[in-house]
Amino acid sequence: MKPALLMLLWLSVFAPAASAADWLAWRKVGDATLTWGPFTVYTSQLRTPDGRYAGPLQDQALIITYKRQIDRQDLIDATREQWQAQGILAREARSQAWLGMLDNIWPDVAPGTQLAFVFRENQGQFWYRASARQKTFTPLGPRQSAEFSKNFLAIWLDPRTQYPELRQQLIGGEK
């Protein structure tokens with residue numbers, strides 16, 4: 001009985017890191033940098049298993065590396081603004097609940113903090129790494145529905161994004 005219990009404990013501790021390793025090995029599709037005036041806000045990278053972007057329903061990982069200190073509430077406000085601009089707030093009844101969920105799981109970020117959103121097998125998952133010195137990403141919150149995932153990734157990847165140049169760079173277009 002003890003070996004089985006030890007194995008279960010070991011799997012519960014190391015399974016999230018093993019899952020993260022899977023998508024970290026995916027191939028890079030593209031990368032982009034968001035600036036605001038003279039300031040770099042973050043760099044971002046899109047990865048897929050084969051290194052090509054084929055649309056919102058494929059397995060993909062968006063990794064954002066922050067270059068500035070940003071409060072959690074500012075991240076949520078920016079998400080709300082992007083969803084407003086794309087019409088998601090108006091057409092998706094669950095959008096306010098989703099914003100509340102983000103308020104419960106997102107941390108404040110500092111330069112070097114990485115937040116990743118991984119969509120695979122029709123579900124999304126947020127991942128967090130405080131800095132590059134930290135070896136593994138840690139999952140944040142529960143797995144997310146396909147509908148939430150599609151709308152969250154739309155901020156960067158939908159043709160109606162407020163950042164069309166970043167979208168082109170992320171999906172492998174010209175820089």
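Accessible area ranking (1.4 Å probe, heavy atoms, ligands and nucleic acids excluded), largest first, for 40, 79: 40, 79.
Whole-Hz Karplus values for region 118-127 come out as 10, 10, 8, 6, 6, 9, x, 8, 7, 10 Hz, taken residue by residue from phi with 6.51 cos²θ - 1.76 cosθ + 1.60 and θ = phi - 60°; glycine and proline positions read x. In the assembled protein chains, residue 121 presents an accessible area of approximately 150 Å² (probe radius 1.4 Å). Overall, the accessible surface of the chain at a probe of 1.4 angstrom is composed of carbon and sulfur to the extent of 55 percent. Here is what passes the span test in the chain: the DSSP H helices with alpha carbon length of 24 Å or more along the helix axis and a Kyte-Doolittle mean of 0.5 or above are 2-24. In region 12-158, the DSSP beta bridges split such that about 100 percent are antiparallel, to the nearest 5.
Please find the FRET efficiency linking residue 135 to residue 78, where r is the Cβ-Cβ separation and R0 is fixed at 41 Å, and quote it to the nearest 0.05.
FRET efficiency, residue 135 to residue 78: 0.90.
For residue 126, what charge total do you get from the other residues with a beta carbon under 14 Å from its beta carbon, if Lys and Arg give +1 and Asp and Glu give -1? Charge balance near residue 126 sits at +3. Which one, 86, 96, 123, has the greatest fluctuation when you compute a Gaussian network model over the chain with C-alpha springs under 10 angstrom? Per the Cα network of the chain with a 10 Å cutoff, 96 tops the list.
Take region 105-171 with all the other protein chains still there, run a 1.4 Å probe, and you get 46 Å² of accessible area per residue. With Rh defined as the Kirkwood radius, the inverse of the mean 1/r over Cα pairs, the Rg/Rh of region 37-175 is 0.93.
The values are calculated or read from the model by the stated rules, or taken from the named source; none is laboratory data. Just so it is clear, the structure is predicted and the values come from calculations on it, not from any experiment. Please note: Cβ atoms are built from the backbone with ideal geometry, for glycine as well, and neighbour counts cover all protein chains shown. Just so you know, the surface numbers come from the protein's heavy atoms only, side chains and all, with ligands and any DNA or RNA stripped out. Shrake-Rupley method; radii C 1.70, N 1.55, O 1.52, S 1.80 Å.
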